[in-house]
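S.K.: Please find one structure pasted underneath; my questions will follow.
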Amino acid sequence: MWGLGVGLWLGLTSGHAWAHAFPDHSEPHVGAEVTSAPSTVRIWFDGRLEPLFSTIHVMDHQGRRVDTGPGGVDPDDPTLLTTAMPPVPPGVYTVAWDVVSVDGHHTEGKFNFTILGGS
Amino acid sequence: MELSFSHLLTGSLLRALALIPLIVMMGWLGFLAVVVRSDGLGVPGEGRRLVKRWDRWLAIGTLSVIPVVLVVGFAHQSMMMSRRSLGELGPFLWPILTQTHLGRVAIGQALLWMGLVWVWSRGRMEADPLPDTIDRRLGLLLGLGALFCLTQSLTGHAADRGDWSVDVLADWFHLLAVSFWAGGVVPLALLVPALMRRCGPVEAKAVLIRALERFSPLAMTCVAVLVSAGLFNAFRRGVTLPTLVDSTYGGMLALKIALTVVAVGLGGVSRFVVLPRLRRNAPTDQTSGTSLFRRAISAEAGVTAIVILLAAILTQTPPSGTVSMTTAPMHHPPMEHQQAR
């Protein structure tokens, strides 16, 4: 009977343990300090994304967009959001992402990484 | 357009409206196949006509509601995804329908609905649909209905892991099991007593015993599938007790679990108390078993309806507002301002 109870408890959790796509990891890492500007910024999510409504931007410390885009879901990996970066000077950069998972739910967020100066 | 609590509420309501007719329809089809069977539960002619009326009106009712909910639900999902109001949605509808996962599934749902209408309407034209229902028409309806249930799994959270993932398969089995069990409770609670009223005292009791004997294995199989699918999903998703008690989501989930245990318990009353009592009593003694059955099955139907509403709310609710990148390969601070909407 206890086994049935535990099973029911677990059974009724099915379908709801994840609801929205959240980042799994990124390149550069959240809060990373890198010595040179990355050529791309990539975020891997824990679920598939809708390319039509998923965006990624990189901004400098003044809020100006610096990535060269177009930025979006990788055609070969629907869990990967990526955008291209030009050579940019040292400083703190913010990656802002806004995605829709295939079940139609929105998630958004931002994180920083730092490009260290040469001296 | 700002997304708000009202949008989540609307989404939950639409999900419930999508699930309820589907569960009622699948429950009825399962009930026809397993409980009514070709012998019509052994009731005389008037009872068989009542079964046919149920079949007709359930078809009209569920198949009328489904397309309305599909259209409204698709419009609502489109508003959520594009973050546009209904008035601004026009230019986005076609791209959403043809380029997104939800749009492609919606097309599949529309085709399946047309198939269900076609098969069910063919059955209506037959002079005596019951025997054929069991053999051919019911098989087709069950197949189409099961595929329709699959589209619900494909638009749910499980699809985030891939359309053909084992997660979708487990979610599909979960929904099928809920449909046959909870949906089957409706005719058991309403149709069987109505059939009993059309019989003499001895035959009425025999009808109830027959119905319970046939429905119980189905219900217990459904519970077993729920348990199996749940254990699998819990293993896959790392469900723990703290995730259930730390949030509004967890509280609602705990309530849903508690109510489901109550529903199973009420089902157990019919199977393990009412049925033995009916078998034990004299053939003409209806009072002791049937009155308890009516109370237990009515309560079970009410509780499962609340569970379905809670399930619909949970499908629209994120497990938590902020999630850190805990599975990242290297240690680093969590993302800022990360939120689900």
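S.K.: Work out the charge dipole of segment A:23-115 with +1 on the Cβ of Lys and Arg and -1 on the Cβ of Asp and Glu about the Cα centre, then indicate which of A:H105, A:P86, A:P70 is farthest towards its positive end.
M.R.: Towards the positive end, the residue furthest out is A:P86.
S.K.: Moving to a separate point now. What order do you get for B:L188, B:L86 when you list them from fewest to most C-beta neighbours inside 10 Å?
M.R.: Ascending number of Cβ neighbours within 10 Å: B:L86, B:L188.
S.K.: Follow-up. Please enumerate, by chain and number, the lysines with C-alpha under 27 Å from the C-alpha of A:K110, excluding those fewer than 8 residues away in the same chain.
M.R.: none
S.K.: Compute the distance in nm between two label points, each set 7 Å from the Cα along the Cα-to-Cβ direction, one at B:V262 and one at B:D246.
M.R.: 2.8
S.K.: Could I ask something else about it? Less than 28 Å apart at the alpha-carbon level, and either on another chain or at least 8 residues along: which lysines does that give for B:K205?
M.R.: B:K52
S.K.: Still on this structure, please answer the following. Which FRET efficiency value, to the nearest 0.05, is calculated for B:F272 and A:T40 with the Förster distance at 41 angstrom and r the Cβ-Cβ distance?
M.R.: Efficiency at R0 = 41 Å is approximately 0.05.
S.K.: For B:L140 paired with A:L116, estimate the spin-label separation in nm (one decimal), with each label point 7 Å from Cα along the Cα-to-Cβ line.
M.R.: Taking the two extended label points, one gets 7.2 nm.
S.K.: Provide the FRET efficiency to the nearest 0.05 for the B:I107-B:T221 pair, computing r from the beta carbons and using R0 = 35 Å.
M.R.: With a Förster radius of 35 Å, E is 0.60.
S.K.: Separate question: Of all DSSP beta bridges in segment A:23-115, what percent run antiparallel (nearest 5)?
M.R.: 95
S.K.: A further question follows. In whole Å, what are the Cα extents of segment A:23-115 along the three principal axes, biggest one first?
M.R.: 38, 23, 21
S.K.: With a 10 Å Cβ neighbour count serving as the proxy for reagent exposure, in which order, fewest first, do B:T304, A:T68 appear?
M.R.: With the fewest neighbours first, B:T304, A:T68 line up as A:T68, B:T304.
Throughout, read-outs are computed from the coordinates displayed, never taken from laboratory work. All of these numbers come straight from a predicted model, not from anything done at the bench. Here the Cβ is made from the backbone with ideal geometry for all residues, glycine too, and neighbour counts use every protein chain on show.
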